[in-house]
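Read the structure below first, then the notes.
The values are calculated or read from the model by the stated rules, or taken from the named source; none is laboratory data. Since we're looking at a predicted model, the values are computed, not measured. Cβ coordinates were reconstructed from backbone atoms using ideal geometry, including for glycine residues, and neighbour counts include every protein chain displayed. Calculation scope for accessible area: heavy atoms of the full protein, side chains included, ligands and nucleic acids excluded. Shrake-Rupley method; radii C 1.70, N 1.55, O 1.52, S 1.80 Å.
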Amino acid sequence: VGQRMRNYLKRRITPYQAYLRCQNHMQEMAIAFIEKVILEGFYKKIDEVKDEDCKKMLTKLCQLFALNTMQEHKGWYLENDYMTGSKTKALRRVVNKLLQELRPDVKSLVDSFNIPDELLGEKIAES
């Protein structure tokens, strides 16, 4: 983004117009930065957990967050040759596998946040 901004300014484009031309790129960078901060914080907190079952569950959730984030941005990875089509398909398979592994624990995971039922929109299966 910085290089693009400098190039626009060298071409005598006003700073405001340069900003407008880079705005989408800046927003994407901000989102990527926040996702990185979340992921790093998540792993740091997992390392502090003593209970092995809890640590295992949190690790799966963290992996799901990371892989789902990559899946959401797979178009960018493909366009910039960071991933191939077969890798993005594999990514989807791993996300689905993690979801299947987490499915039996969904109710307890949701309950752990202590969200009132009226805010959940629909009750999760109780059986």
Criterion (without any contact (Cβ under 8 Å) to a residue 40 or more places away in the chain and more than 30 Å from VAL1 (Cβ to Cβ)) met by exactly one of LYS107, LYS60, LYS36: LYS107
Condition met for LEU119 (part of a helix (DSSP H, G or I), open to solvent by 80 Å² or more (accessible area, probe 1.4 Å) and not polar (S, T, N, Q)): yes
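Residue-wise test of (1) open to solvent by less than 80 Å² (accessible area, probe 1.4 Å); (2) of a type in the set (Ser, Thr, Tyr); (3) part of a loop (DSSP other than H, G, I, E, B).
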position	(1), (2), (3)
ARG21	no, no, no
GLN27	no, no, no
LYS45	no, no, no
THR59	yes, yes, no
MET70	yes, no, no
ASP105	yes, no, no
LEU109	yes, no, no
ASN114	no, no, yes
Qualifying residues in region 29-38 (those that are of a type outside the set (A, V, I, L, M) and surrounded by fewer than 13 Cβ atoms within 10 Å (Cβ to Cβ)) - the one farthest from THR69 (Cα to Cα): PHE33
Selection from region 1-19 of residues that are aliphatic (A, V, I, L, M) and assigned to a helix (DSSP H, G or I): MET5, LEU9, ALA18
